[in-house]
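Okay, structure first, notes after.
Where a number appears in this text, it was derived from the coordinates with a stated rule and is not lab data. These numbers come from a predicted model, not from an experiment. Neighbour counts run over all protein chains shown; Cβ positions are idealised from the backbone, glycine included.
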Amino acid sequence: MRILVIHPHLHVLGGSEILTKILIYELESLGHEVVVLTRARNETEFPETEKVKFEYIKDISSRLGLLTDESFYMGRLLDILYSMDEVLRKHEPDVVLNMIQEPVYCVLLKLLNPKKGTAIYIHYPFEEEVSEENIKVFLSLYRFPGRYEAMFRHADLHLTNSNYTAYALYKHFGIESNVVYPAISWKYFEDEIDVKEDRENIIVSVGRFIPLKRHDVLIDWFKNHIKPKVPDARLLIVGLPDPRFLNYYEKLKKLASEVEDVELVDRPLKPEEMIKYYRIAKVYVHLRIGEHFGMAPVEAMSQGTIPIIPEQSGLAEIVTHGRSGFTYRTDDEALSYIIKTLTMPKKELVEMRKLAYRKAWYFNPDRFAREVFNYLKMLL
């Protein structure tokens with residue numbers, strides 16, 4: 001099968017971009033041809049191969065002098081429409097998969113070819129990080145938050161990353177979807193871990209430096225509640241600055257520098273480097289409430305790190321509370337589970353680590369790609 005995959009910004013390496021990378025090369029390994037339409041890509045992370053080709057959204061509106069502040073939105077739509085038409089004619093894909101929750105792409109594709117089957121992978125049906133200050137950044141990335149909600153049903157097939165997201169899509173738009181849980185890189189499964197190994201009292205938390213992730217709250221807890229009870233505890237916060245929230249990033253750097261045994265890692269890390277951090281940590285903590293899903297907790301579990309994640313999120317679906325990790329309803333519960341895990345007897349720790357490690361294997365690339373492909377076949 002020849003599959004057109006759409007993701008407008010593959011030069012950024014966030015969760016949706018990494019998942020797109022996993023999918024396209026796993027589809028290639030299954031024998032399929034993949035054409036990727038994007039505005040920009042990281043060529044190291046997204047190399048062209050015999051069966052994976054890249055095409056680009058062309059900035060036609062600027063060349064024609066049509067891109068002004070008043071027509072910025074319409075100019076971006078024109079760019080996409082023109083570029084899609086070129087790609088459809090050149091490659092004649094069998095189906096189209098949009099890997100970002102922007103149904104605008106599905107609508108424009110239907111204008112060009114109403115019979116072409118289109119699927120959309122929805123990470124969450126609303127853009128929660130948009131503001132008046134950063135809306136222009138979204139538009140420059142060919143994203144259209146706040147303008148697409150009425151367009152979801154124009155896609156032929158809806159895939160969601162968790163039951164949490166599927167419920168939100170149905171509750172707000174009456175649209176049923178098929179849940180396909182994401183995957184993490186094969187690199188996280190290459191080496192078997194020793195679940196009985198001793199680890200230091202290290203807490204790790206991973207995510208872009210944005211206020212919703214609440215890394216500042218975790219630093220405060222560490223200083224005032226965790227460190228007094230677990231004196232040898234250390235905190236590692238790994239992530240990347242987000243151009244839309246640089247003030248928050250500066251705040252985090254200042255907080256981290258003022259608290260002993262807190263380390264802020266603010267550079268891109270390859271899976272091999274992430275594995276080293278996960279392998280030395282005893283606990284993984286995720287403080288964002290309402291997280292639709294996240295691959296970092298699964299990555300941590302694949303290295304035997306015990307997750308503590310919010311009950312009100314898609315993440316809670318990957319953990320059996322009290323067995324492979326802990327889910328919490330309140331901040332007080334989260335704090336108590338962190339301290340409990342750090343001070344847990346080794347026998348209990350090993351058993352929980354074993355179950356977390358075993359659970360992570362479900363989130364492998366082969367399972368993810370085959371599930372996505374089986375749904376795409378329905379569009380033929």
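Overview of results
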read-out: Residues LYS115 and THR320, FRET efficiency given R0 of 35 Å [Cβ-Cβ distance, rounded to 0.05]; value: 0.20
read-out: Dipole in debye (nearest 20) - region 186-363, about Cα centre, beta carbon charges: Lys, Arg +1; Asp, Glu -1; value: 140 debye
read-out: Rounded FRET efficiency, nearest 0.05, which uses the C-beta distance separating ARG329 from ARG63 and R0 of 56 Å; value: 0.55
read-out: When each of LYS282/LYS354; LYS223/LYS346; LYS270/LYS346 is checked by Cα-Cα distance, pairs over 19 Å; value: LYS223/LYS346; LYS270/LYS346
read-out: Estimated FRET transfer efficiency when R0 is 30 angstrom, pair GLU263-PHE126 (beta carbons, to 0.05); value: 0.35
read-out: Added length on full extension, which subtracts the Cα-Cα distance from 0.36 nm per residue, LYS270 to LEU13; value: 91.5 nm
read-out: Among the listed pairs LYS51/LYS116; LYS136/LYS187; LYS187/LYS340; LYS213/LYS254, those beyond 25 Å (Cα-Cα); value: LYS136/LYS187; LYS187/LYS340
read-out: GNM result for the chain, Cα springs below 10 Å: residue of PRO93, PRO231, PRO241 fluctuating most strongly; value: PRO231
read-out: Inter-label distance for LYS254 and ARG367, nm, one decimal - labels placed 7 Å from Cα along Cα-to-Cβ; value: 4.4 nm
read-out: Residue-averaged [θ]222 nm for the chain, counting only DSSP H segments that reach four residues, each worth -39500 (n - 2.57); value: -11500 deg cm²/dmol
read-out: Angle between the chain longest axis and helix 346-360 axis [Cα atoms, degrees, rounded to 10]; value: 10 degrees
read-out: For PHE209, PHE173, order by how many other beta-carbon atoms lie within 10 Å, fewest first; value: PHE173, PHE209
read-out: Derived scalar couplings ³J(HN,Hα) [region 232-244; Karplus, 6.51 cos²θ - 1.76 cosθ + 1.60; whole Hz; x for Gly, Pro]; value: 8, 5, 10, 10, 10, 10, 10, x, 10, x, 10, x, 7
read-out: Alpha carbon centroid spacing (whole Å) that separates region 160-176 from region 285-309; value: 21 Å
read-out: Principal-axis tilt of helix 271-280 within the chain, Cα atoms, nearest 10 degrees; value: 20 degrees
read-out: Cα-based helix-to-principal-axis angle, 331-342 vs the chain, degrees rounded to 10; value: 60 degrees
read-out: Order by protection proxy (mean Cβ within 10 Å, highest first), peptides 296-306, 262-272, 196-206; value: 296-306, 196-206, 262-272
